[in-house]
Structures are given as structure tokens and as C-alpha cells.
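In what follows, a single structure is set out as C-alpha cells and then discussed.
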Amino acid sequence: MDLTPYRDFMVDLARESGDLIRTFYGNPQLAVETKSDLSPVTLADRGAEELMRDRIRQNFPQHGVIGEEFGSDKTDADFVWVLDPIDGTKSFITGVPLFATLIALLHEGQPVLGAIHQPVLSQLLIGDNLSATLNDRPVRCRATTRIEESTLLTSDPLNPAKYRDGARFDALARRARLVRTWGDAYGYLLVATGWADICLDPIMNSWDIAALIPVVRGAGGMITDWQGNAPYPAESTIGSATPELHAQVLAALN
């Protein structure tokens, strides 16, 4: 299957949504609402998703869409786009440039293309399960095989205890060389580009996960849910730089 037309369109979606998002970034007057799940949302989130959904309807009217802000449409279509306009809204609303736009394309229910776009830093990472590029330059995960040599990232250090086995996560974190909360989508960008080795999140939604899979796999990494099962559909995510490292992380957490 030739994914080139969809990849080119994904680049356009990322750039156009990024142009919109940048107009809101760093504005201390930006209104922030709280959704029913207690997560924040802004005009930037909603505007970027509306823009992308409109472009998809115009260019691929037969395709489905799943989005964080505006729900699902035609999810039984062969091709379905999965959108998270701002993954890391808490970073976005506090002026921290570690958020990203996530765009994925599913074919028959599985991610075949994924993009992680950081519009402030002008970083566009795209993967197709076989390769990955950052701003059109090929990237690969690091060759780290031991937890003790790893940089470990997670979005919220309180969540492992809230949703999984906190004691096991703490033991894993103590073994890592470096532990930081450079998480959300940007953490997986760091793993795929060789700047970190493990990024994990104990609770995720479909729009958080779908784009990460073709990117991490395309960069040579491993990605599963918390128990080592298929990464999509799932409710948690572990991305690691190598199979050897991933096996150690799974053993430590389970």
C-alpha cells in the first residue's frame, strides 16, 4: 500500500494546525476550561481539531475520524484519522513547549502512519512502522539495553500509583540512570529520536496512543501496553528503545 499521499496530507495537517496553535501559545490571557474528566481544554485545542477535521472531510470524505475534542465519525471506515490537537495541554497552558499535536491514520483498525508535531520548536516526527523521520531526517532509537543505563520519562509521576502498581514503578525508577517528567507525546518523540530510552504512561486514551506506534516502531523501538500486550487499542503505553530494554521494563512493572 502506497502511503505517500496520506503522509503528504499528514504533513499539511500538522503545519496548518501548528500555525493556529502558535497564535495561542504563551498567552497568559488564554481562557482555560475544565472538561468532565477534569482535564483542561482551550480554544487552541478545539480550533486545531476543527481545522484538521475540516481538511479531512474536504480531502477524504469517505474516511473516519476519532478526535479528543469532537468525538468519533465513521469509525467503521477502512481508513480512520485519530487526532489529539494538543497532547499535553497542561504544559501548553503553562508556557512549557513539551506538548505536541498527534495525528494518526488507521487502516482496518491499526495505525499505519503517525505524526508527533511540536509547533513551537518546529519538530515534525513521522513514522510508518518501518522508518521514522524528524523534519525529513531519518532517526533511530538509542541502543540502550539496560535499565541502569536508561533515561526514563513519564508524564505524571503520581499516576503509576494511582492506576497501576506504584511500588513497582518506584523500584524501576530507582534503577534508571535518569528520571524526568518530559512526558506526554514529547517523551515518545525523545525516545524515537535517541534522546531518551523509556517513556511510559499507565493511563491513556486512543487518541493519545495511535500516533506513537508507527513512530516508535519506525525508529526501531518497542511499544506495548503496560502488560506487554498489543499497543492499540489499549489503555496504557510503554515505549522503549530496544527489545532487550523493553523486556526488562515489563518484568520490573509486572
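Among the candidates Val80, Val65, single out the residue that is assigned to a strand (DSSP E or B), over 16 Å from Ile116 (Cβ atoms), touching a Gly at 6+ places or on another chain (Cβ under 7 Å) and open to solvent by less than 40 Å² (accessible area, probe 1.4 Å).
That would be Val80, the only listed residue that is assigned to a strand (DSSP E or B), over 16 Å from Ile116 (Cβ atoms), touching a Gly at 6+ places or on another chain (Cβ under 7 Å) and open to solvent by less than 40 Å² (accessible area, probe 1.4 Å).
Residue under question is Pro214, and the condition is that it be within 11 Å of the chain's Cα centre (by Cα) and not small (Gly, Ala, Ser); does it hold? Working first, answer last.
On the way: within 11 Å of the chain's Cα centre (by Cα): yes; not small (Gly, Ala, Ser): yes.
Against the criterion (within 11 Å of the chain's Cα centre (by Cα) and not small (Gly, Ala, Ser)), Pro214 qualifies.
Listed residues Lys35, Lys74; which is open to solvent by less than 70 Å² (accessible area, probe 1.4 Å), over 15 Å from the mean Cα position of the chain (by Cα) and without any contact (Cβ under 8 Å) to a residue 24 or more places away in the chain?
Criteria check complete, one pass: Lys35.
Answer with yes or no whether Val96 is buried (at least 22 other Cβ atoms within 10 Å of the Cβ) and without any contact (Cβ under 8 Å) to a residue 60 or more places away in the chain.
no
Could you tell me whether Gln123 is in contact (Cβ under 8 Å) with a residue 60 or more places away in the chain, under 17 Å from Ala192 (Cα atoms) and surrounded by fewer than 21 Cβ atoms within 10 Å (Cβ to Cβ)? Talk me through it step by step, then tell me what you get.
On the way: in contact (Cβ under 8 Å) with a residue 60 or more places away in the chain: yes; under 17 Å from Ala192 (Cα atoms): yes; surrounded by fewer than 21 Cβ atoms within 10 Å (Cβ to Cβ): yes.
Against the criterion (in contact (Cβ under 8 Å) with a residue 60 or more places away in the chain, under 17 Å from Ala192 (Cα atoms) and surrounded by fewer than 21 Cβ atoms within 10 Å (Cβ to Cβ)), Gln123 qualifies.
Which residue, of Gly109, Gly183, is under 21 Å from Asp225 (Cβ atoms), out of contact with any helix residue (DSSP H, G or I) (no Cβ under 7 Å at 6 or more places or on another chain) and at pLDDT below 95?
Being under 21 Å from Asp225 (Cβ atoms), out of contact with any helix residue (DSSP H, G or I) (no Cβ under 7 Å at 6 or more places or on another chain) and at pLDDT below 95 holds for just one of Gly109, Gly183, which is Gly183.
Taking the criterion of being surrounded by 24 or more Cβ atoms within 10 Å (Cβ to Cβ) and either closer than 13 Å to Ile116 by Cβ or aromatic (Phe, Trp, Tyr) (or both), would at least one residue in the stretch 177-185 satisfy it?
Taking every residue of the stretch 177-185 in turn, at least one turns out to be surrounded by 24 or more Cβ atoms within 10 Å (Cβ to Cβ) and either closer than 13 Å to Ile116 by Cβ or aromatic (Phe, Trp, Tyr) (or both).
Output yes when any residue across the stretch 211-229 is free of Cβ contacts under 8 Å to residues at least 12 places away in the same chain, touching a strand residue (DSSP E or B) at 6+ places or on another chain (Cβ under 9 Å) and not basic (Lys, Arg), and no when none is.
no
The values are calculated or read from the model by the stated rules, or taken from the named source; none is laboratory data. This structure is a prediction, so every number in the text was calculated from the model and none was measured. Note that we place each Cβ from the backbone using ideal geometry, even for glycine, and neighbour counts take in every protein chain shown. To get the accessible areas, we keep the full protein, side chains included, count just its heavy atoms, and leave off ligands, DNA and RNA. Shrake-Rupley method; radii C 1.70, N 1.55, O 1.52, S 1.80 Å.
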